[in-house]
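Notes to accompany the following structure.
The values are calculated or read from the model by the stated rules, or taken from the named source; none is laboratory data. All of these numbers come straight from a predicted model, not from anything done at the bench. Here Cβ is always computed from backbone atoms with ideal geometry, including for glycine, and neighbour counts include all displayed protein chains. Please note that ligands, DNA and RNA were not included when accessible areas were found on the heavy atoms of the full protein model with its side chains. Shrake-Rupley method; radii C 1.70, N 1.55, O 1.52, S 1.80 Å.
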Amino acid sequence: MDTQTLQTNITSLKGTISIPGDKSISHRSIMFGALAEGITNIENFLPGADCISTIDCFSKLGVSIQQNGDLVEVIGKGFSGLKAPSEVLDVGNSGTTIRLMLGILAGQAFQAELIGDDSIGKRPMTRVVNPLKQMGADIEGRNNGEFTPLTVNGTELKGIRYELPVASAQVKSAIILAGLQAKGTTTIVEPEKTRDHTERMIVQFGGKVERKGNEISVEGGQSLQGTSIYVPGDISSAAFFMVAAAITPNSEVKLLNVGLNPTRTGIIEVLQRMGADIEIEHINEKGEPYGHITVRSSKLHAITIEGDLIPRLIDEIPVIALLAVSAEGTTVIKDAAELKVKETNRIDTVADELSRLGAKIKPTEDGLVITGGTPIHGGEVSSHGDHRIGMMLAIAGLVASDEIILTDSKAIEVSYPQFFDHLTTLIK
Ligand code: S3P
């Protein structure tokens, strides 16, 4: 287990960072590249541990994938060209890999077994398994398919209409991927709009998807064509430096080519509403929009974060909690019970770890209540194996008065292997 002594009491952050590729889009680019006919070239792919797990799984399914840093070539096999794996498919720490693969494997003509790490072993899977079973899927696992290891006996699927009980892009995407292989039409109704990278990618690969209000429909039996994909920088990774620049004195940080898909930009709205000095320069509006973001130090005030904003910033809540620690007043985050089933229970880990550093933060049933204005002090904290908790704590260190030791810091490699190098270049 790796341990880092964090850089604390920083007086200024200055510089420009090229943000590594979006994790959600990187996973999907491998999956769609594998399921398409012909070659897909991917630029700015995220070579983090989670996306490497997706590459490993598809290699075991007989797909030829050449990865060289952030460049990847996938030789597509089409929906019926995947091969039965001779080994278990290990998704590591990646919830997106396992949930989306369930949708893909459900419609194949072979059996496959999926496993993951200890965190994956505690994450709920029936939210995906149950709708897939309604489509005809044959999936078995611990507790009636709730937990790994899971065995998928691929079979013929039929389209369904399904109302999602939770706002989850992973569940939506798994059903869409099964729907593309099913007989007839599959329609999904979302309670709130979630990230739509899967829908955009179907269009980029020459397929069809329809959206009417909160309903998404796909026809089965489509074939997709290999293409070139540019993966914009991950706004969920950029968020750590946005918050760092806003809370550290005398700071100005520019983040290049950051994804600005409106289903992901809740963090920008939160920063603006809290009074942050933030500028957005739009570069591309087609496919996946992206642009440059500049953030400067600012005086921040508390707000309430709730409702349909939550899915648009779900992965940023740990670092938003830290932002609230630096803001004047009491910030309330609600409607975010989904945080309990992320890589860790993020309501509890955020509250526990920030409390250790002197923050006034209380967990609630569906969120957090944070009273800002209390200075952060030193201490020993842990990522608990959760990459976003680790990065949030490293950013907390910037404004801490004394030394902070971060244990289990290696978890950060899941989504941002260069995180500490980038942070060091900004510290002046
Ligand atoms: C993701 C969807 C979200 C998010 C996760 C990535 C995706 O999960 O938290 O980090 O790529 O579809 P849920 O679908 O469980 O909300």
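The heavy atoms of Y162 present about 30 square angstrom of accessible area, all protein chains included, probe 1.4 Å. Note on the stretch 23-230: percent of Cα-Cα distances in each 5 Å bin, starting at 0 and stopping at the bin with the largest distance, equals 1, 8, 17, 22, 23, 17, 10, 2, 0.
Under 5 Å between amide hydrogens, built in the peptide plane, is the criterion, and for S382 it picks out T407 among residues at least 5 positions away or on other chains.
The slack in the chain from N153 to Q134, taken as 0.36 nm per residue of separation less the alpha-carbon distance, amounts to 5.4 nm.
Oblate is the label for the stretch 76-185. Its Cα gyration tensor axes, ordered a ≥ b ≥ c, give a/c of at least 1.5 and b/c at or above a/b.
Annotation: aspartates and glutamates with alpha-carbon distance below 20 angstrom to K208 (same-chain offsets under eight excluded): E37, E190, D196, E199, E219, E285, E288.
Net charge in the neighbourhood of E252 (other residues with Cβ under 11 Å of its Cβ; Lys, Arg +1, Asp, Glu -1) is +2. Could you give log10 I(q)/I(0) at q = 0.07 Å⁻¹ for the chain, computed by the Debye formula over C-alpha point scatterers of equal weight, without solvent? For the requested q values the scattering log ratios are -0.32. Let me check I've understood the local charge: for S223, count other residues with C-beta under 14 angstrom from its C-beta, Lys and Arg +1, Asp and Glu -1. What total comes out? Here the count lands on 0.
With the highest mean first, a sort of the peptides 204-212, 91-99 on other beta-carbon atoms found within 10 angstrom per residue produces 91-99, 204-212.
Net charge in the neighbourhood of T344 (other residues with Cβ under 14 Å of its Cβ; Lys, Arg +1, Asp, Glu -1) is -4.
Extending 7 Å from Cα along the Cβ direction at S228 and again at N214 yields two label points whose distance is 3.9 nm.
Residue separation of Q111 and S64 scaled by 0.36 nm, minus their Cα-Cα distance, works out to 14.9 nm of gained length.
Computed over protein heavy atoms with a 1.4 Å probe, the accessible surface of the stretch 198-321 works out to 36 Å² per residue. Counting pairs of Cα atoms in the stretch 104-164, how many percent are more than 15 Å apart? Value for the stretch 104-164: 47 percent of Cα pairs lie more than 15 Å apart. Potential lengthening of the chain between V332 and I405 amounts to 23.5 nm, from the contour at 0.36 nm per residue minus the alpha-carbon distance.
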